[in-house]
Every structure is written in C-alpha cells, then in structure tokens.
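None of the figures in this text is laboratory data; all of them are computed from the coordinates on show. Please read all numbers here as calculations on a predicted model, not as lab measurements. Cβ placement follows ideal geometry from the backbone for every residue including glycine, while neighbour counts extend to all protein chains displayed.
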2 protein chains.
Amino acid sequence: MDDRKPTVCLVGVGLIAGSLGQALRRRGFAGEVVGLGRNAASLARAVQCGAIHRYALEPSDAVSDADLVILGVPLGATDAVFEAIRDHLPAHAVITDVGSAKGCVVESARSRLGEALCRFVPGHPIAGTEHSGVEAAFDHLFVDRRVILTPLPETDPRATERVRAMWQAVGAEVRTMSVAHHDRVLAITSHLPHMLAFGLVDSLSRNPDHEEILQYAAGGFRDFTRIASSDPVMWRDICLGNRQALLDALHAYREDLEVLARQVEQADAEGLEAIFHNAKHTRDAYLEWFEGTATGERTDDGE
Amino acid sequence: MDDRKPTVCLVGVGLIAGSLGQALRRRGFAGEVVGLGRNAASLARAVQCGAIHRYALEPSDAVSDADLVILGVPLGATDAVFEAIRDHLPAHAVITDVGSAKGCVVESARSRLGEALCRFVPGHPIAGTEHSGVEAAFDHLFVDRRVILTPLPETDPRATERVRAMWQAVGAEVRTMSVAHHDRVLAITSHLPHMLAFGLVDSLSRNPDHEEILQYAAGGFRDFTRIASSDPVMWRDICLGNRQALLDALHAYREDLEVLARQVEQADAEGLEAIFHNAKHTRDAYLEWFEGTATGERTDDGE
C-alpha cells in the first residue's frame, strides 16, 4: 500500500455495506471508499448518504486499486460477483463479505476465487434492521455488535487480522468460529425466526377475513412479525444458502411445536406452564445479558 | 346509584386492572375504586400506585357496594371469583372482565352467576405489555386501543352501554362481536404468536449450547421473542381457555410451515420468494394502518 491512500471497495452498497462505509469515514478512515454496483441511481444516493466517495459500474474501475474488497450483495449474487471481480483483484487485496450464511459463500469462493482464496475472510456482522437499501444505513450500526469471521484453513492469518481490525475500528466485537458452527447458530437465532414470522403473516394473509383480523392485532403481533418486513429476496437467498442447518432447526422446532399442540389438546396445564416458565426464564436471562452488552438502536436486528 | 358516589370494584389488581384504576382516577372518575384480592402486600402496592383507593380481602367488603365489578384475574381464577362474589353482588351491579379468551369466561358466567348473568358483559381490552403486576401499570395503557365486548343474548343492553362508556372514558375504542368470533380472531393475532414464541425459546433452551448460541442473537430474535417473557400462568390459562380456536390456528399454521419447509428442502426459490413477498406486503400494510391509529407506548402489547 506504500504511500498511496488505501482503498476500500464495497460491492453492493445497501444497508450493511452502506453503514460500514459511513462508519469507516466517520471513524477517520483516511483512504477512499469506492462503491461497485449495477444501479447508478442507487450508487449516486450512496454517495449522497456519505457511504462512498465515488462509484463505478465496471469491476475493473472499482477493484483494480482496492486493498480491501467487501461484498455486501444478497447471497444469491455471490457467485457472479466473485466471477466478475476475480481477474481485476490486485495480488495483495483482502476480500471479505457480510453474508448471513457462510457455507454457501465459502463454496462459491472455493470455486471462483482461485489463488485469491487465501486472502478471502468470510464474515458476518450480526447487525441490521428490517429495512434495506443505503437510505436505511447509519454509521453506528456496528457499535457493540458482534461480527463473526469464519477463516478457512487456507486463509492467510494477516488477511483475517486486517478484516478484524476494520470491524473493530467501527466499534464491533469480533469472534471467530467454524463455517459449520456459524451456520448452525444463525439458523437457530435468526434464520428460523425469520421463517416463522414470514410464515405466520403469509398464513394470516390467506385468511379471507385477514383485514378485519389485523385490526385486532396489537404490539405483540407487531414485534413478533417485525422481521417479516425484511427483504424477501435477501431472505430467499439466506434460506437457500443455509438450507441444511435451517431444515435441521425447523425440524427440531416443528417437533417441539407438536408437543406443545398435544399439551393444549390434552389440556395439560402443568406441562404448558412448565414450558412457558422455562421459556420466560431463558428469555429474561438472555435479555439481561443482551441489554447489558448492546447499546445500539432499539430496532437493531440480527440476521 | 342515587346520590352516593359510584363504586368500581377491581377483582385482581394487576397490570390491566391496575392501569384501568389509574386511568379512571386520572380521567376524573368521581367515585371510589376498591381492590379485591388475596395478597394484601400486592393490594397495598396498588394503593401506593394510585390504582385503587382502598382494598379488601373479603368479597363481602368489596363487592356489596359496587356498581361495577371488573374481573382482572387470570382466566383460571374466573370460576372461583364468580362463585365468591355472586352472593354479595348488589342487584344493580354490572359485571365485566378483561380476559383474553371469552368462550371460557362465558361458560363460567353461565354456570356461576345465576340471575346476575344478564348484567355480565364479557370484555377484552387489546392492550398490555409482556410485564405483569400493578407495578407495571400505567394510566394511558388504553388510549387509542381497541376493547372488544361480546355481549350475550341475555345481556341487558344498559349493562353493555355502561361498560362501553367506561372504556371510552379511558380513551379506548370499543367494538362488539360474538364470543366465537372474538376467540377465533385472538387465537390468530395473539394466542398463536405467543405459543410460537414460547415454543421457540423453550426449544432453544434445550440445546446444550444455548448460552453460547444466545450470544449471537440480536434485535430480531429479541423482538420476535418479546412475548415469551409474558406471565406463564396467565398464558397457560389463555391457551387452555381458548383451546379449540388455538388448536385450529396452530393446525393451519403447522400445515403452512410444512409447505415452507418443503420449499426450503426442494430449494424452491420462486415459491419462497412469493411467500416472503406476500408476508412483507401484508405486514407493511398492517403496520401503516397500525402506526396510523395507535399512539401508545412502543412496547404496548396485544393479548
């Protein structure tokens, strides 16, 4: 990187990458933040929002000078992006991503990145909201949030440290774990709840009386279904990208739901109370920990 | 009611009845608000919170002068309360309740209230939070919230009007519907989501790694599971009190979840995206309506 200023390239400048760009600049990143994408209007808004300095529509114009390339696209676009940027990557460039599932991204990287694989650090900031697009970006999105990195056996430790330092610079706490563990954990805490919330609202919408019924839905319903307002394409890709772990979580949940249904059917007061007590206890303990560690927006979201 | 001051008796002074007592007094109710319960310490706190003027532990001391008796107890206690107060009710007293399921309360009333049945108006304010107890009460809980009354064929219309006027006086919007319709609607918008949230957290807590897993749960999980911090005994009673409608809703949901699981299994991108799109569209439309009508606390809850 010598004496020229470092360049960060954000591929896809939506909520996450946009917030990262804003945060880097706000926290004194001295280099240039370049956006790469297909939609000039959206990239122009990203410039206005302070997420990037400039943008390009051609990989060669955005990636060739980059020291750090960060993929912020829906998982379904990962393959195509790796393919498009590969031949333009400088030999020293570190590559990372922000995808909510890691197994599918790693598979993609293995098949597309060639020798650059050793400089690829799979990553996932556990932060976001149900909104999308750079207009929803904000520079403190990552403060006190966890970012999971899942470096591969091939990954150059210096690349991992570079990515870790970047996330720490914007206020996040970085953890590392295996790809498989990440995907199992996130299936449970995030992907399954999203499926359940999308499923509930879809199910309700098929009721011919749903407009009347929704008039009697209140805050509990609103919060329970908040994540069902998330971006459908992004979540389609996550569900498919983390298919096996999600199916495992869904299977376990459906079995537990069957037990619960049987308890209601059999009017098993004791059994129901035990489950509700246990859930409340677990959730209250989690909340105490969560509120103690997180200081971000009330609407911050984990994906 | 002549020239003496009207008396309202709250049987069980928790979040809902306590908030109602505070709201009535705050909105200029000129009479006396009396609490009836079994726990003197809790009732003393209700006096301190401004929810009631005084309390009694014996039905005869609280109900004999009452013009309006409002049950604010868990559904499972309804039978016993009707039994305990019946012989002390003045001949003109109007009785109502705030229970989240109505069929079971009506059944209880039919078997216990005798001739007072015609002055009983089943009611349900769609308001609350995941907290319980009079300490969590606040006087604007019902402002712009809906209250559903489900008067019976036997109900004296004057009793219904009396209860309607009370709820309107504390800022609520009152609707009437049949008992069965209420129970079907609330099973879908409230009881099912509570079951699903309790079920998810319980399921998670059985995972040996749940403490580690929860470290990666963020705002989406927190909001999705907020209602799993609700009172276990109250919810046990609601699930059993609205058993059939809840089972119907649960059954329909489990079928839809099976479809969703199959779509993930078969990597049906189009099908998943259609469901997620539809859910987002329905939820966003609901939200627009909800935010447009409700002005209460962000944490207000429907039960």
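What to note about this one:
- For the protein assembly as shown, a crude dipole built from +1 on the beta carbon of Lys and Arg and -1 on the beta carbon of Asp and Glu, taken about the Cα centre, is about 920 debye to the nearest 20.
- For the protein assembly as shown, radius of gyration divided by Kirkwood radius, i.e. Rg to Rh on alpha-carbons: 1.06
- Extreme residue, positive dipole direction of the protein assembly as shown, given options B:LEU36, B:ALA187, B:GLY171 (C-beta unit charges): B:GLY171
- The orientation-averaged shadow of the Cα convex hull for the stretch A:132-182, equal to a quarter of the hull surface, comes to 4.4 nm².
- Within chain B, the proportion of C-alpha pairs whose separation exceeds 34 Å stands at 26%.
- The long axis of helix B:192-205 is offset from the longest Cα principal axis of chain B by roughly 60 degrees.
- The calculated Kirkwood hydrodynamic radius for the stretch A:7-177 is 15.4 Å, given to one decimal from all distinct C-alpha pairs.
- Per-residue shielding of A:240-252, expressed as the average number of other chain Cβ atoms within 10 Å of the residue Cβ, stands at 3.
- Radius 10 Å from Cβ of A:GLY114, net charge of other residues (Lys, Arg +1; Asp, Glu -1): +1
- Inter-copy label distances at A:GLY114, shortest first and taken from points set 7 Å along Cα to Cβ: 9.3 nm.
- Each label point was placed 7 Å from the Cα along the Cα-to-Cβ direction; for B:GLU270 and B:GLU211 their separation is 4.9 nm.
- With Cα atoms, 0 to 90° folded angle of helix B:103-112 axis to chain B main axis: 30
- Cα centroid separation, the stretch B:172-210 to the stretch A:1-53: 43 Å.
- A cut-off under 12 angstrom between Cβ atoms defines the neighbours of A:THR176, and their net charge, with Lys, Arg +1 and Asp, Glu -1, is +2.
- Under 5 Å, built H, 5+ apart or other chain: amide partners of A:ILE95: A:VAL69, A:PHE120, A:VAL121
- Principal-axis tilt of helix A:269-293 within chain A, Cα atoms, nearest 10 degrees: 30
- Summing charges over neighbours of A:TYR216, with a neighbour being any other residue whose Cβ is under 9 Å away from its Cβ, gives +1 when K and R count +1 and D and E count -1.
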